[in-house]
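The structure appears right after this line, and notes come after that.
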Ligand SMILES: Nc1nc2c(c(=O)[nH]1)N[C@H]1C(S)=C(S)[C@@H](COP(=O)(O)OP(=O)(O)OC[C@H]3O[C@@H](n4cnc5c(=O)[nH]c(N)nc54)[C@H](O)[C@@H]3O)O[C@H]1N2
Ligand SMILES: Nc1nc2c(c(=O)[nH]1)N[C@H]1C(S)=C(S)[C@@H](COP(=O)(O)OP(=O)(O)OC[C@H]3O[C@@H](n4cnc5c(=O)[nH]c(N)nc54)[C@H](O)[C@@H]3O)O[C@H]1N2
Ligand code: SF4
Ligand SMILES: [Mo]
């Protein structure tokens, strides 16, 4: 029997729409959903490797309970009933002794996040966090400080862009299929790319202009760009006049930040800075300064992201074709979004301080919908604001994704209960007491994906094949656990299809409507708001706030003076980290196909520096920071700034049963210090200083 199923990829969390061909319960072929513009058949290498995941005997196959010391690898396979009974019992005991707030649930934001939030409200815990802060918290806060919208509520019209500027946004490697295809289309129509990174990435090689910037100095570049744009009146005066709050303060502030000043700080010539400002201004408002994700993550990140958003606003490229736009929800066309379990009226409210203190005076600005996950080890170790006793990790890997692995390991030791829901042997699963295996995305229907944008839509992940092993969808696992703890009524479904039907009630759409193409649209037309009078800004002033009431009310300046970045001492470097096209974060290194492509990471070292250190290409080097050390092979190259070294994130796994990637390369998180931009919420992942020397013996 063969069938075609429209679904959503989940080899990374971009969730590209896919078409899956199934024959006799086996996945035969996966391609991008041909009905979706910008996808039209395409997949990235990781999406294509999903078949390798489906067939991988090394993935989790049944619930497991630890029998030896934590991390020893001694496990007993148990039934779902046994696992969930044990978990319910342990949680109830902890809640009885320490209160619901002693339980933290951390997850990569996903389609079932509302299920997790519902569960925590049932048990009386405020402690839900997502990966968001660790990924792009400062971008989120910067967007709210300027527009009143989060970054997730803002999009980019790549297809019509005429010039796009990336600050370490490694667009063609750290990729999302649809935006890549749209930008390729724009390139064919003559669009230009400026790429700024201390390292020559694949994106740099596709750019029309590349700046090898001194690491950590992008803010200086931007202050100088703003200086030139204002001095030469290159900005969109009408748009600024109509929509901006605080322009004259900015004008005054950037006076001293000349291109000549920035040249000394950034290493980019003043002439080039002026040229860039003049060139982009010719294309306004179809110009995007990309606000980025992870590139250039330093403790003042919020101000870098704000400066990027200021540049977009000066170009008038807000709510314009080829600019950035506010995403439109179904309400815009009189429709209703899919329901979430958290909307249930009688669900208890929890009014307690969070473990990370987000929303209090200590940490007023990061988004409380996501929290600041990297603060978890500090909260556990210091028992501040109160003792944390249990961690549930779902689709999130605190040991590899929260910086400073040693710190997180010490924190885990203090917990009474560690539970992981995963699809494979991650390091956190390996260090858990109970491991609950989720069915992989090809094996499960998921909650509805509400996709807001120029056209609001809903997508659905549908089960393509039955689970190969004894696994379940997360929303079913939580429902069964909640039922055992007496909260079953807040989870009104037996199957995933029931839950989807419940979510769709009132939207006017049914499950069947997704059959034909895998998605439904609320409208056929793109919705742009009127740039004269129709921008529905959500800031207190209803303007784009260069002078930000959000920041200033919390006691932070809108334009802090620039603080120079000191070059590291000799033999020391700023450690930069990032992604490649072949792997997803820490998830795919054990995939049989992807592991074959890139089995371990190497350390990029600048050629001149390598000579000085006596390091040849391929040598084993010792790398150390204030929090950890390790050994890794050197890649000696001219393609990186002499003040920096670089390694791929995601290697150095320590779970023995993930055999292909076990102990291959090293984890950047062992070295990266756990320091954050405490205004915006992101960890400063590119800011740790490391010492590099040749290793004479293998550790
Ligand atoms: N293939 C693949 N694609 C992905 C992902 C994946 O895991 N794999 N993950 C997705 C996710 S969740 C995210 S957040 C995005 C991440 O997307 P990006 O943020 O584009 O990805 P990174 O690989 O982290 O790239 C960071 C770049 O910043 C550079 N950098 C470091 N310091 C500085 C600096 O001071 N200035 C400048 N200008 N650059 C600097 C680094 O050299 C590096 O090249 O990718 C998404 N897409
Ligand atoms: N040191 C350092 N830390 C970082 C980064 C970095 O570059 N360096 N990058 C940061 C960024 S941008 C991000 S977005 C985060 C990402 O952090 P994470 O979300 O922790 O990373 P992922 O690799 O996406 O996935 C984590 C876990 O999800 C599991 N998983 C995959 N699919 C499923 C599924 O269908 N169900 C379940 N239950 N589990 C599944 C994987 O097996 C893996 O163990 O990390 C951040 N942390
Ligand atoms: S970007 Fe690649 S891995 Fe991520 S969802 Fe799309 S096809 Fe899958
Ligand atoms: Mo991310």
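Starting with the fewest neighbours, write out 529, 75 ranked by other beta-carbon atoms found within 10 Å of each beta-carbon. The partial results should precede the final answer.
Numbers: 529 16, 75 19.
Ascending Cβ contact count within 10 Å gives the list 529, 75.
Put a dot 7 Å past each Cα toward the Cβ at residue 597 and residue 188; how far apart are the dots in nm?
Result: 2.3 nm between the two label points.
Separation between the residue 271 and residue 97 pseudo-spin-labels, each 7 Å from Cα along Cα→Cβ, expressed in nm?
Here the answer is 7.1 nm between the modelled labels.
Taking all pairs of distinct Cα atoms, average 1/r, flip it, and tell me the Kirkwood hydrodynamic radius of the stretch 59-191 in Å to one decimal place.
19.3 Å
What number, in percent, do you get for the relative contact order of the stretch 158-322 if the mean sequence gap of Cα pairs under 8 Å and at least 6 apart is divided by its residue count? Write down the numbers at each step before the final one.
Details: 267 pairs, mean separation 50.6, N = 165.
Relative contact order of the stretch 158-322: 31 percent.
How high is the relative contact order of the chain? Use alpha-carbon pairs under 8 Å, at least six apart in sequence, and give a whole percent. Write out the running numbers ahead of the final one.
Details: 1570 pairs, mean separation 134.3, N = 699.
Reported as a whole number, the value is 19 percent.
Name the residues of the stretch 430-464 whose amide N is less than 18 Å from a point 7 angstrom out from the Cα of residue 72 along the C-beta direction?
430-435
Note down the relative contact order for the stretch 2-54 as a percent, whole number, built from C-alpha pairs under 8 angstrom at least six residues apart.
Working: 88 pairs, mean separation 14.8, N = 53.
Relative contact order of the stretch 2-54: 28 percent.
Largest first and in whole Å, what are the equivalent-ellipsoid semi-axes of the stretch 2-54 based on the Cα gyration tensor, each being the root of 5 times an eigenvalue?
Values: eigenvalues 57, 36, 13 Å².
Calculated on Cα positions only, the semi-axes equal 17, 14, 8 Å.
Can you put 351, 132 in order, fewest other beta carbons within 10 Å first?
Values: 351 7, 132 24.
The order, fewest Cβ neighbours first, is 351, 132.
For each of 454, 648, count neighbouring Cβ atoms within 10 Å of the residue's Cβ, then give the residues from fewest to most.
Values: 454 15, 648 21.
Neighbour counts put them in this order, fewest first: 454, 648.
Could you compute Rg(Cα) / (2.2 N^0.38 Å) for the stretch 436-502, with N its residue count? Let's see the in-between values first.
Details: Rg = 13.5 Å, N = 67, 2.2 N^0.38 = 10.9 Å.
Taking N as the residue count of the stretch 436-502, the ratio is 1.24.
Alpha carbon centre of the stretch 360-438 versus the stretch 73-101: separation in Å?
17 Å
Could you state the orientation-averaged shadow area of the convex hull built on the Cα atoms of the chain, in nm² to one decimal?
Values: hull surface 114.4 nm².
Taking a quarter of the hull surface, the average projection is 28.6 nm².
When the helix-only estimate is applied to the chain (DSSP H runs of n ≥ 4, each -39,500 (n - 2.57), divided by the residue count), what is the mean residue ellipticity at 222 nm, nearest 500 deg cm²/dmol? Walk me through the numbers before you get to the answer.
Details: 23 runs with 202 residues, N = 699.
Result for the chain: -8000 deg cm²/dmol, rounded to the nearest 500.
Would you kindly state how much longer the chain becomes between residue 502 and residue 233 on full extension, computed as 0.36 nm times their sequence separation minus their alpha carbon distance, in nm to one decimal? It would help to have the intermediate numbers written out before the result.
Details: separation 269, 0.36 × 269 = 96.84 nm, distance 5.45 nm.
Stretched out fully, the residue 502 to residue 233 stretch lengthens by 91.4 nm.
For the stretch 205-285, what does the convex hull of the Cα positions come to per residue, in cubic angstrom? Numbers along the way, then the final one.
Numbers: hull volume 8.7 nm³, N = 81.
Considering the Cα atoms of the stretch 205-285, their hull volume per residue is 108 Å³.
So what are the three principal axis dimensions of the stretch 1-98 from its Cα atoms, in whole Å, longest to shortest?
Largest to smallest, the principal-axis extents are 54, 30, 26 Å.
Express in whole angstrom the spacing between the alpha-carbon centres of the stretch 655-679 and the stretch 293-347.
The stretch 655-679 and the stretch 293-347 have Cα centres spaced 30 Å from each other.
Taking R0 as 41 Å, what's the FRET efficiency between residue 454 and residue 347 from their Cβ-Cβ distance, rounded to 0.05? Let's see the in-between values first.
Values: r = 33 Å, r/R0 = 0.81.
The calculated FRET efficiency here is 0.80.
Can you give me the pair-distance distribution of the stretch 507-646, C-alpha pairs, 5 Å bins, whole percents?
P(r) over the stretch 507-646, rounded to whole percents: 2, 7, 10, 10, 9, 8, 9, 10, 11, 11, 9, 5, 1, 0.
Kirkwood Rh and Cα-based Rg: tell me the resulting Rg over Rh for the stretch 158-322, rounded to two decimals. Numbers along the way, then the final one.
Details: Rg = 14.9 Å, Rh = 15.8 Å.
Radius of gyration relative to Kirkwood radius: 0.94.
If I model a spin label at residue 624 and residue 361 as a point 7 Å from the Cα along the Cα→Cβ vector, what separation in nanometres do I get?
With each label placed 7 Å out from Cα toward Cβ, I get 4.2 nm.
Given N residues in the stretch 356-486, what is its alpha carbon radius of gyration divided by 2.2 N^0.38 Å? Don't jump to the answer; show the numbers that get you there.
On the way: Rg = 17.4 Å, N = 131, 2.2 N^0.38 = 14.0 Å.
Here the Cα radius of gyration is 1.24 times the empirical estimate.
Each reported figure results from applying straightforward, stated rules to the coordinates on display, with no laboratory input. In this text, all values refer to a predicted model and were calculated from it rather than measured experimentally. Positions of Cβ are backbone-derived with ideal geometry, glycine not excepted, and every protein chain shown enters the neighbour counts.
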